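Worksheet for the structure shown next.
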Amino acid sequence: MGIRVLPSELIDQIAAGEVVERPAAVVKELIENSLDAGASRIDLEIEAGGTRLIRVTDNGKGIAADELTLAMSRHATSKISSLDDLEALATLGFRGEALPSIGSVARLKLTSRAADAPQAWSLVCDGGAIGEPKPAALGVGTTVEVRELFFNTPARRKFLRSERTEYSHLDDVVKSLALARPDVAFSLKHDQKGQFSLPVATDRAAREARIAALCGDELLEHATWFERAVEGMSLEGWVAAPTFSRAQPDLQFTFVNGRFVRDKLLKHAIRHAYRDVLYQARHPACVLFLTIDPRRVDVNAHPAKLEIRFRDSRSVHDFVFRTIESVLAHPESQVGESRPAPAVLPAAPGDGAPRQISELPLGQSSRRLPPLYQRLHSQPPLSITRVAEPRDPAASPALDLGTALAQLGGIYVLAEVAEGLVIVDMHAAHERITYEAMKLEFAADRLAAEPLLIPIDLRLAEREADVVENLQGALTQLGFAVERRGIGEIRVLAVPRLLADADIATLVREVVADLAIQGTSTTVEAAADALLADMACHSAVRANRRLGLEEMNALLRQMEQTPRIDQCNHGRPTWTRVTLGELDRLFLRGR
């Protein structure tokens, strides 16, 4: 077959395939058009999961009568006019493909009235055939009706799932758009039944009410709100405690400049921030809003604009990772602020002078530690030492775990606080304390290079060998000494001291792969943290170890000044609180 220009009908079908995947994609395009038109209210009506009817009504600025036909033309838009506009895109859409693409595979009716127009006008597009504008009745704004999606393309209609499944995808899209724009009111009806009606949310309390309505109250019960700005970027939102993790990333919402995205870089940054406090197979829950100069991000990397590219991906990744890590470490304080000094033990009865508590060796014998730790240090990793002084009620710590009362079952420490009772899992808590102390202890040594007695030769793809040759500085910073020996061969001369006993070949390959794709690597840091976490678990106080009150109080004070103390290294909670009100309900007091 020779080269030829395709007929316009086939071109429209190809364009529709890029934009219109299923009813949810239609809803996304139409609602984004409404948002770009300045709508403050959007009403959505759905029938049969969106396959029979999709109706989107907004109160935006509308379309002039003489522009209705142009709106149904390909590559016609009011959102950009030059290359500069494209490079600094501030709208959700711009390609001008949505309406003509939808109209080519459905029966579409566009009705709109501009603010200065005496009446509304409507236009019908039936399977790509555009009619003439006609007078219609409508207030200022636009209504788009899409009926019988894929009626003229049976092959594509067969790929649609059940009505319930299609509605589930559609509901996810509407939920993400409603979370992205709290300044806009949304309502949704499915098969004549109201699903939700969300008023405008202008303050934090109203935004949290919207999140609760769309994602459930439980998310906010476990979430911490934060905001931070640095170097032209700002990040705010809610991150859930690791104990509220999910089997799927269904409650993970990331927005960039008001646009919902599923960006791999952001997901990696979030996952990396939770690495110390979350089970590997679990997913964190969060609602995050990143604001950045539009010129520093390319939103035209995907037809549906769900994937984006950052011009300086490394700085964005580091900013998101460090911010969330800080929030998880100090959920009770504002990001960037230091945690107040921890409370100390009360003085002994009848003794007003401060007293020194000798070392309380909660750690196990070094003989039970992994061989690597024994080689580096001959002493147990942690002994809790505290100076006891009377509590100062005016300078109470941000995290107050109270005063120890007793030990239960050889596992739990019971402590009294003003609100009621605190219950601590002593092994999980001491594991976190030990781990954080070891990370500080090895902060300088974890990436220190240790020469190998016998260098290791590895064969890589030529592209990966080029990475080794071109990114020697990055490899040196990670503790490696690697040289290129041939087209696809490298020699490993030194590795990070802490990982000298690891699988060097696998570690180097993973680091090189990270550098090739992202320009940076967290593999070494993650491997070192995993090893330290294993050491901390081995050295933490075990169940059935009897502790005295001094030891229990020392453990509580150390917990109060330890970051990420709410979870152990494996993601289990370390402590919980039972309030007096909850105890009263158990015993029916006041009834």
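Values for this structure:
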quantity	calculated
Per residue Cα convex hull volume in Å³ - calculated over the range 450-591	184
When the range 225-299 is reduced to its Cα atoms, the Kirkwood hydrodynamic radius in Å	13.0
Peptides 481-487, 25-31, 226-232 ordered by average Cβ neighbours within 10 Å, highest first	25-31, 481-487, 226-232
Reach of residue 189 by Cα under 21 Å, taken over lysines that are not fewer than 8 positions away in the same chain	28, 109, 175
Proximal charge balance of residue 469 [Cβ under 14 Å; K/R count +1, D/E count -1]	-1
Net charge contributed by nearby residues that have their C-beta within less than 14 Å of residue 590 (K/R +1, D/E -1)	+1
Value of D in µm² per second that Stokes-Einstein yields for the range 404-462, Kirkwood Rh from Cα pairs, at 25 °C (0.890 mPa s)	154
Theoretical gain in end-to-end length, residue 416 to residue 578 [0.36 nm per residue, Cα-Cα removed]	57.3 nm
Kirkwood Rh in Å, taken over the range 116-160 so that all alpha-carbon pairs contribute	12.8
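Laboratory data are not the source of any read-out in this text; all were calculated from the coordinates shown. Since the model is a prediction, treat every value here as computed from it, not as a measurement. Quick reminder, even Gly has a Cβ in these numbers, built from the backbone with ideal geometry, and neighbours come from all protein chains shown.
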